[in-house]
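Structure, as structure tokens:
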Amino acid sequence: MPGFELLAPAKDLACGLAAIECGADAVYIGAERFSARRGAANPRADIAQLVARAHLFHARVYAAVNTILSDEELEPARRLIAGLYEDGVDAVIVQDFGLLEMALPPIALIASTQMHNHSPQRVRFLREVGFSRAILARELSLPEISAISAAAPGLELEAFVHGALCVSYSGRCHLSYAWGGRSANRGECAQPCRKPYLVKDRAGKVLAQGHALSLKDLDLRAHLGALMRAGVTSFKIEGRLKDAAYVQNTVLAYSRALDAVLAQTGGRRASRGEVRTDFLPDLAKTFNRGSTTYFLQGRDPGMHSHGTAGFLGEPVGKALWVRGDRVGLDKPAGLHAGDGLAFFDAQGRLCGTALNGVQGAVVQVDKPAGIAAGTRLFRNFDRLWHKALAAARIERKLALALELRHTDTGLELRVQDEDGVHSSVQVECAKSPPQDAVRARRNMESQLSKLGATAFYVRELVLPEHPDFVPLAVLNQLRRDAVSAHVAARIAAHERGRRQPEPPGAVYPEAELGPEANVSNRKAEAFLLRHGARSVARAWESAAAPMGTRVMTCRYCLRHALGKCGPGPDRDPLWLEDEAGARLRLEFDCRACRMAVYTDPG
């Protein structure tokens, strides 16, 4: 992949197109089946439409086919991947090794973060068996990323830089399946990690309460240069369930941040096209849980979001008094009717209400229940900001050089763009010497430069030294034909990656594989045995996970977050209890600084 890539999420075609227009160098989108976000599946026809638009800018489209698969699903998944290859998709994101035992098309393979890509040995193995890219575990530090890069030269490294964090190592979370039969590895995660819990010690004493396993969102805008130096080439924004406003806002913000870094380093982007907009992105305005650098520069002590798992928004003040549906604030806050407010009620529950009116520091709310004197208020929906975003001019343009030539029977328009892609079209037409040569030249310049809503603008236009008179209708048709021809030429010139050949001798870095390896079909088992594994257990999804199962492995540590890290009894287990009385046991490996979560009430 030449250049550095800003990789954007797409819930659907509209989000994908918005990401491309805002400057994304690539988009990842869920396929119609077997995506790790079942709520964000997309038909092949929509993905093909996204591919055509992306390839115009030499941007890429990656399709997620990254669930674990049963034996019966392998062939349908293979056919789906073959269809996606025919549709022009640049690569597929996969988790299941069983697919590598099948006759796939020569499409590039990206190793999903669900494959637990957290060590040099694991990532080097992925390169050796034909992957073009690995999506790194979110928990890695800069030195750990550098070590992986050194161990797997030639393999593209993709890292999350923004968005929601899973508290468990990706691919190693089975809580949703164990508690409700909804497997994260099958795209059905119910997010029990975001629930509120009581935190208890061995004696049953309540030590804390809140969203004990909920993390803030990642924000690494300030660290893109450091990630580049560590070996990362693709910077990934999380959010395949987010709306178009989130995608536009984050892509515009990160595109500016990436351009600023590249302006200093002399590097280039992986795609082409100039984004023109009068809109100023603001990441505080769309969904976030607060920001953290997680483990990138060592453990961030403020990575957790125990107060809420939702979007709190920007602080706007404190309630001084409440009278019916009117609330007096301690200061004017620049609020407007139609804004949304969030707040915690007396029981600590996150609540929300819409604003029906604003008069200085007095606001009229739709649902005042839970607001009292002293309640802190936050704006989690800024109506005017969202209105401005919806109305903003955001367009992506490619520069063209046009040359008009006379032919024996008419005209030829030659086109060359900033990447050196050429195209040309001709038209037969009657020509005659102009009565006004200056006017004839001016008409040609005007008509051929009217590229309007297309993806192009004219940077240079060369006309014949002595242009003939040509009807405006002919010039307009020539321009339209030239645009269509050049779109086709750019798409044809787009280079797709190919699956890397697998040399003999690759050895999987683990010999004994338990259920956490997520092997759910015979071909995945055969692949791993063929690459050195001695025994392979089936994934928990193959049967009910028994009580006492380790359902999470976390680098995040609740004891550390609560300030109770230390020797002796501080290493004892803790218990989490939800509102229904269901319990989890937390075990702590202080030597490795890891926390494990079990479905064992103890």
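Read-outs throughout are calculated quantities, based only on the coordinates presented, and are distinct from any laboratory measurement. What you see is a predicted model; the values in this text were computed from it and never measured. With ideal geometry, Cβ positions are generated from the backbone for all residues, glycine too; neighbour counts draw on all protein chains shown.
Okay, here's what the table says:
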| quantity | calculated |
| --- | --- |
| Calculated FRET efficiency for the pair residue 376/residue 326, C-beta based, R₀ 22 Å, to 0.05 | 0.80 |
| Using a Förster distance of 22 Å, the FRET efficiency for residue 351-residue 179 (Cβ separation, nearest 0.05) | 0.25 |
| For the chain, calculated [θ]222 nm from helices alone, where every DSSP H run of n ≥ 4 adds -39500 (n - 2.57) | -7500 deg cm²/dmol |
| Neighbour-limited loop hits for GluC sites (Glu not before Pro), the stretch 412-471 (at most 12 other Cβ within 10 Å; DSSP other than H, G, I, E, B) | 465 |
| Three-way shape call for the stretch 438-575 based on the alpha-carbon gyration tensor, with the a/c threshold at 1.5 | prolate |
| Whole-Å distance, taken between Cα centres, linking the stretch 73-140 and the stretch 426-452 | 53 Å |
| Normalised contact order of the chain, rounded percent, pairs of Cα under 8 Å and 6 or more residues apart | 16 percent |
| Entries of 216/236; 11/285; 216/318; 242/367; 285/387; 397/431 with Cα pairs more than 21 Å apart | 216/318; 242/367; 397/431 |
| Cα gyration tensor category, rounded, prolate or oblate, for the stretch 77-197 with a/c compared to 1.5 | oblate |
| In the stretch 382-461, trypsin sites (Lys or Arg not before Pro) in a DSSP loop with at most 14 other beta-carbon atoms within 10 Å | 393, 450 |
| Mean-position separation - Cα centroids, the stretch 244-278 and the stretch 577-598, in angstrom | 40 Å |
| Anisotropy class of the chain from Cα gyration tensor, a/c 1.5 cut | oblate |
